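For reference, the structure is listed below as structure tokens.
Values in this text are rule-based calculations from the coordinates and carry no lab data. Just so it is clear, the structure is predicted and the values come from calculations on it, not from any experiment. Counting neighbours? That spans all protein chains shown, and the Cβs are built from the backbone with ideal geometry, glycine included.
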Amino acid sequence: MKISWLHTLLVGGWALCPLGAAIAGGLSVEVQDPEGNPVQHAVVYLLQQDGSPIPGAAGTAVMSQRDSRFVPPVIAANRGSRITFLNEDSTRHHVYSFSEAKVFETKLYAREEAPSIQFETPGHVALGCNIHDWMAAHILVLDTPHYALTDASGTLQLEDVPAGKYLLTAWHPGTPPRDLWKQGVQVDEAAGATIRAVLPIAAPLTQERQLSPLELKLRKATSGQ
């Protein structure tokens, strides 16, 4: 596969440029913040050239509650997909969202059957827990099957993309919505290009909170340690 850049843009602090050798059969992307640090949990996806949807099948995913955190903190899914919320803790959680793309709440009890929720509307769904206010997570519901998330090294692979013209988009929950970056690309039957995206991260993802001595004692007692 070959990526031919229609033009190069610098918009709202987002930059994209070729990096070097092609990767056969897919597109390699490296995502960094303005200081050059790798950005994990960024979502890169393709739409039709005019921004219209690309038909694709719905899927499934699991978002766990583990050590009073959402794991993983970011999930991307095609519209119509179902996500299971699995409580791996010995304490109760109460997951909710007031986002326009999906409003819901579900109480999660340890060792009970995990509920599965369908996400039909594209958009950003921000999650929280009514019991543990430091817990936060994000679901990006997409209108395309062509998407991937960056790993700890800030890299990802988009595989098996048919030849054609697309709109390449990069997203991260730490970037302001107005700074959503978009770039037109031409995908031909040849070799792909490695690209770098620089994102204006407004805030890092965090679910950290110092547990009180009582909470530590209760966690130790319920875990059998």
Exercise for the section: Kindly list the residues of the range 64-81 that lie in the label zone of Ala114, defined by a backbone N under 11 Å from the point 7 Å along the Cα-to-C-beta vector. Expected result: 64-66, 71-72
Exercise for the section: Within the range 30-53, which residues have the backbone N less than 14 Å from the label spot 7 Å out from Leu180 along Cα→beta-carbon, could you tell me? Expected result: 43-48, 50-53
Problem - Nearest-20 debye value, the range 35-109 charge dipole, Cβ charges on Lys, Arg, Asp, Glu - result: 280
Handout entry: Overall form of the range 33-128 per C-alpha gyration tensor (a/c, 1.5; a/b vs b/c)
Key = oblate
